[in-house]
Amino acid sequence: MNRRNLFSLLAFFSLALPLWAQRPSAASLASKVDSHYNRLHSLETRYTERYRGMGLDRTETGTLLLRKPGRMRWSYDSPAGKIFVLDGKYALSYTPGDPQVDRIPAKQLDDLRSPLRFLLGHTELDKELEGLTLSTVSPQLFNLSGTPKGMQNRVHLITLTVDATGLIHAMRIEEADGATTDFSFTNEHEDVATRDQDFTFTPPAGVTIVDGAKPI
């Protein structure tokens, strides 16, 4: 090896080693995510949701509102008026034009949006995601991946894209049938003011509530 190549190699390692030393472990980064969100009482963020599977490729957008304990509201602006609410006891979902609101007890909920209901207050990713692994996306972003307990028959893998502070930027859900759902989150606001009525839903006139149906 000539001197020029040697210097180039040494320069590479001098840059790479500090970056490698700063790379967190899966457990330590998961703990940062836990700490970041467990201290919050509420959270509001914009989202884009893309579903691909069953011959479909569908993108929807809206605003997600979370409140501890276990409340969440997905307000869709595309399609306009679509709603998914978890009031702590029931999950209700409705799309304008449908003749009914689907309602299911929260304890029976296995909807793909449900992992986020536990985000505030008692998150323990290292326990909730089996086989937790970490990979590097960029110098600023990392992927935490694992299989959610209790959803193994339906979900093959959940991947959270987070930064070094524990902030979640995206989530990918890979289902056992090969379908994928990607969520990206922007414009996050922490500990926003909320009202109880933010997590309730009154059906339009003539629309009935049907129990037992799974949310859409």
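The values are calculated or read from the model by the stated rules, or taken from the named source; none is laboratory data. Just so it is clear, the structure is predicted and the values come from calculations on it, not from any experiment. Virtual Cβ from ideal backbone geometry, glycine too; neighbours counted across all protein chains shown.
What residue, among those in the range 152-169 that are out of contact with any His (no Cβ under 7 Å at 6 or more places or on another chain) and either over 20 Å from Glu49 (Cα atoms) or free of Cβ contacts under 8 Å to residues at least 24 places away in the same chain (or both), is surrounded by the fewest Cβ atoms within 10 Å (Cβ to Cβ)?
Asn153
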*Given the structure, is Val192 more than 24 Å from Pro24 (Cβ to Cβ) and touching a Pro at 6+ places or on another chain (Cβ under 8 Å)?*
no
*Which members of the range 63-94 meet the condition of being more than 19 Å from Ala106 (Cβ to Cβ) and under 15 Å from the mean Cα position of the chain (by Cα)?*
Thr63
*When you scan the range 197-216, how many residues do you find that are among the hydroxyl-bearing types (Ser, Thr, Tyr) and assigned to a loop (DSSP other than H, G, I, E, B)?*
2
*Total residues in the range 130-151, condition under 17 Å from the mean Cα position of the chain (by Cα), assigned to a strand (DSSP E or B) and without any contact (Cβ under 8 Å) to a residue 60 or more places away in the chain*: 7
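Within the range 22-32, can one find any residue that is modelled with pLDDT under 90, of a type outside the set (Phe, Trp, Tyr), assigned to a helix (DSSP H, G or I) and surrounded by 10 or more Cβ atoms within 10 Å (Cβ to Cβ)? Give the derivation first.
First, pick out the residues of the range 22-32 that are modelled with pLDDT under 90: 22-24.
Now restrict to residues that are of a type outside the set (Phe, Trp, Tyr): 22-24.
This time we only want the ones that are assigned to a helix (DSSP H, G or I), so: 22.
Then keep just the ones that are surrounded by 10 or more Cβ atoms within 10 Å (Cβ to Cβ); that gives none.
Scanning the range 22-32, I find no residue that is modelled with pLDDT under 90, of a type outside the set (Phe, Trp, Tyr), assigned to a helix (DSSP H, G or I) and surrounded by 10 or more Cβ atoms within 10 Å (Cβ to Cβ), so the answer is no.
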_When residues of the range 52-110 are limited to those that are touching a Leu at 6+ places or on another chain (Cβ under 9 Å) and part of a loop (DSSP other than H, G, I, E, B), the one surrounded by the most Cβ atoms within 10 Å (Cβ to Cβ)_ = Gly70
*Answer with yes or no whether Val162 is farther than 30 Å from Pro99 by Cβ and modelled with pLDDT of 90 or more.*
yes
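Within the range 123-140, restricting attention to residues that are hydroxyl-bearing (Ser, Thr, Tyr) and touching a Phe, Trp or Tyr at 6+ places or on another chain (Cβ under 8 Å), which residue is nearest to Ser31 (Cα to Cα)? Steps first, please.
We begin by selecting, within the range 123-140, every residue hydroxyl-bearing (Ser, Thr, Tyr); these are 123, 133, 135-136, 138.
From what's left, touching a Phe, Trp or Tyr at 6+ places or on another chain (Cβ under 8 Å): 123, 135-136.
Values: Thr123: 9, Ser135: 16, Thr136: 17 Å.
Ranking the qualifying residues of the range 123-140, first place goes to Thr123.
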*Which one of the conditions (1) crowded, with 16+ Cβ neighbours inside 10 Å; (2) farther than 17 Å from His169 by Cα; (3) of a type in the set (Ser, Thr, Tyr) does Tyr37 fail to meet, given that it meets all the rest?*
(2)
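Looking at the range 19-67 only, could you name the residues that are β-branched (Val, Ile, Thr) and without any contact (Cβ under 8 Å) to a residue 60 or more places away in the chain?
Taking the range 19-67 as the starting set, the residues that turn out to be β-branched (Val, Ile, Thr) are 33, 45, 48, 59, 61, 63.
Thr59, Thr61, Thr63, listed by residue number.
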_Matching residues, the range 155-177, being in contact with a strand residue (DSSP E or B) (Cβ under 6 Å, 6 or more places away or on another chain) and part of a loop (DSSP other than H, G, I, E, B)_ = Ala176
*Within the range 122-129, is even one residue at pLDDT 85 or above, crowded, with 18+ Cβ neighbours inside 10 Å, in contact with a strand residue (DSSP E or B) (Cβ under 9 Å, 6 or more places away or on another chain) and assigned to a strand (DSSP E or B)?*
yes
_Criterion violated by Thr194 - all others in (1) assigned to a strand (DSSP E or B); (2) surrounded by 17 or more Cβ atoms within 10 Å (Cβ to Cβ); (3) of a type in the set (Ser, Thr, Tyr); (4) at pLDDT 95 or above satisfied_ = (1)
